[in-house]
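Here is the structure we will look at.
Bear in mind these aren't lab numbers, they're just calculated from the coordinates by the rules spelled out. Keep in mind the model is a prediction, meaning the values are calculated, not measured. Using ideal geometry, Cβ is built from the backbone for each residue, glycine included, and neighbour counts are taken over all protein chains shown.
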Amino acid sequence: MSLKPNGNYRNLKESYLFFRIGKKVEAYRQAHPGQTIYRLGIGDVSRPLCPAVISAMEAAVRDQANAATFQGYTPECGLPFFRQAVAGYYARRQVSLEEDEIFVSSGASDELGDILDLFDVSSPALITQPAYPAYVDASIMVGRKVRFLSAGAENDFLPLPDDRTEGDLIYLCSPNNPTGAVYSREGLHRWVEWANVRGAVILFDAAYEAFVEGDLPHSIFEIPGAKSCAIEISSLSKTAGFTGTRLGYTVIPTALERDDMNLNAMWVRNRTTRTNGISYILQRGGAAVFTDEGLKQISENIGYYKQNARTLMAALSDAGIRFWGGRNAPYVWMACPRGMGSWELFDLMLNEIQVVGTPGEGFGESGEGYFRLSSFGDAGETAVAAERIRKLFT
Ligand code: PLP
């Protein structure tokens, strides 16, 4: 007998969305050398880390040069100052968390896969679609069954559960990637009620919470009853430009139990086995995000992206194209004009106006007919791209 690889990998879709986009863009670039391409595709940020973060990390580097302040291994679940800083951030919105309910992470992507360790593989996942592709792939890799709940224009991309909704592990992402839709308190309340009645667990992806405005919820824990049915996965990637620096946090309430097993205690066991902590320097930088100064500085960067989103939305409005998102999220989700398919629109925009977006089909079947524009780029380039879109479709 020879070693058997994990056969679940055979069930993954052949080509990853951004890989396919990258290949098409590269082919265009080779055929048209010297042409500027305007990238409103991949959701990476363009603004640098803010000064408060940089000074905190510089000071932390100096701490590492000195025997008196040197930090070796850090506690697997997070350094106390980082956990306290995150708890303080939640307290600003009247969400009270204990330090030991907050776990440091290297970002949301790692957690979205790793957290599945807590649940028996026989418990199916329910994923609202269109969805961030990692939810589906992480489940398929471990052999978990996946069901989909379609979101569409008819429910403003915010599906709600009813008596027939089935699933043990439900992924909710609000503000949503790719649609930019944000659940209201009432909407999240419906999900919390449903999960508590069924004994399901909500995996709430709050990677874009910092873009929420007004009274809309940033966290599932703003909803009464969520501590007995939800885990929140968050990240400093989009909040504070940590995409390449890598830091996030996950909240698992101590009250969260299933079958007499405590999920918070299980995650402590998982982290202490699977990790040896996260860099002291990064946690110092992360804690600086949640100071008054840090929050003011990151909000300036978020304001910059929001201005880009307004530029894109204005162009779409002028061209009479329907869209969602853009206000409480960095993504503008447009309906493909003239009945085009989403890859058809991708090719048209790349070839005619050199603007790269993300075809909705890459986020699942129900994303077909839609197209995602990201506001994370440079303001000047976004303005040129918006103008080209306006001209092409007016
Ligand atoms: N969740 C969503 C919805 C995302 O869009 C992304 C990144 O684009 C992530 C999670 C991953 O973020 P991180 O950089 O923290 O791994």
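At R0 = 35 Å, how high is the FRET efficiency between Gln30 and Arg322 if r is their beta carbon distance? Nearest 0.05 is fine. That gives a FRET efficiency of 0.50.
Over the chain, the fraction of Cα-Cα pairs per 10 Å bin, rounded to whole percents and listed from the shortest bin up, is 5, 22, 31, 26, 13, 3, 0. Specify the inter-centroid distance of the stretch 377-394 and the stretch 143-169, based on alpha-carbon positions, in whole Å. Cα centroid of the stretch 377-394 versus Cα centroid of the stretch 143-169: 34 Å apart.
Think of the chain as a dipole: +1 on every Lys or Arg Cβ, -1 on every Asp or Glu Cβ, centred on the Cα centre; then among Gly225, Gly339, Val355, Val355 lies furthest on the positive end.
Pairwise Cα distances in the stretch 157-296 exceed 28 Å for 23 percent of all pairs.
The C-alpha atoms of the chain define a longest principal axis, and helix 80-91 lies at about 60 degrees to it. Take every DSSP beta bridge whose two residues both sit in the chain; close to 50 percent of them are antiparallel.
For the stretch 73-166, the C-alpha radius of gyration sits at 1.37 times the compact-globule guess of 2.2 N^0.38 Å, with N the residue count.
Rounded to the nearest 10 degrees, the angle from helix 292-318 to the longest Cα principal axis of the chain is 30 degrees.
Computed from label points 7 Å out along Cα-Cβ, the spacing between Ala134 and Asp63 is 2.6 nm. Result for the chain in a Gaussian network model with C-alpha springs under 10 Å: among Phe221, Phe19, Phe211, the largest mean-square fluctuation is at Phe19. Which value at 222 nm does the chain reach when only helices count, each DSSP H run of 4 or more adding -39,500 (n - 2.57), with the total divided by all residues and rounded to the nearest 500 deg cm²/dmol? When only DSSP H runs of four or more count, the value is -12000 deg cm²/dmol. Between the Cα long axis of helix 185-198 and the first principal axis of the chain there is an angle of about 50°, rounded to the nearest 10. In units of the compact-protein estimate 2.2 N^0.38 Å, the stretch 1-53 shows a Cα radius of gyration of 1.89.
Return the distance in nm (one decimal) between the two label points of a simple spin-label model at Glu387 and Asp292, each offset 7 Å from Cα along Cα→Cβ. Output for this residue pair reads 4.2 nm. Per the Kirkwood formula applied to alpha carbons, the stretch 115-173 shows a radius of gyration over Rh ratio, Rg over Rh, of 0.97.
If I take every Cα pair under 8 Å that is 6 or more residues apart in the chain, average their sequence separation and divide by the length, what percent do I get for the relative contact order?
Once normalised by length, the contact order is 23 percent.
Taking each of Lys13/Lys306; Lys145/Lys227; Lys23/Lys296; Lys4/Lys238; Lys13/Lys227 in turn, the alpha-carbon distance tops 27 angstrom for Lys13/Lys306; Lys23/Lys296; Lys4/Lys238; Lys13/Lys227.
Taking Val355, Val25, Val136 as the candidate residues, the one with maximal mean-square fluctuation in a Gaussian network model of the chain, Cα springs under 10 Å, is Val25.
With +1 assigned to the C-beta of every Lys and Arg and -1 to the C-beta of every Asp and Glu, and no other charges, what is the dipole magnitude of the chain about the Cα centre in debye, to the nearest 20?
Computed charge dipole of the chain: roughly 900 debye.
Each label was represented as a point 7 Å from its Cα along the Cα-to-Cβ direction; for Ser55 and Tyr73 these points are 3.4 nm apart. On full extension, the segment bounded by Asn276 and Thr243 gains 9.8 nm, given 0.36 nm per residue less the C-alpha separation. Averaging the sequence gap over all C-alpha pairs within less than 8 Å and six or more residues apart, then dividing by the number of residues, gives the stretch 246-394 a relative contact order of 21 percent. A straight line joining the Cα centroids of the stretch 211-232 and the stretch 96-129 runs 15 Å. The stretch between Gln94 and Met340, if pulled fully straight at 0.36 nm per residue, gains 84.0 nm over its current Cα-Cα span.
Counted residue by residue at 0.36 nm each, then reduced by the alpha carbon distance between them, the extension gain from Ala265 to Lys23 reaches 82.7 nm. Think of each Lys and Arg Cβ as +1 and each Asp and Glu Cβ as -1; about the Cα centre, that makes the dipole of the stretch 17-138 roughly 960 debye.
Can you tell me which of Arg271, Arg327, Arg338 moves the most in a GNM of the chain? Springs connect C-alpha atoms under 10 Å apart. Highest fluctuation of the listed residues: Arg338.
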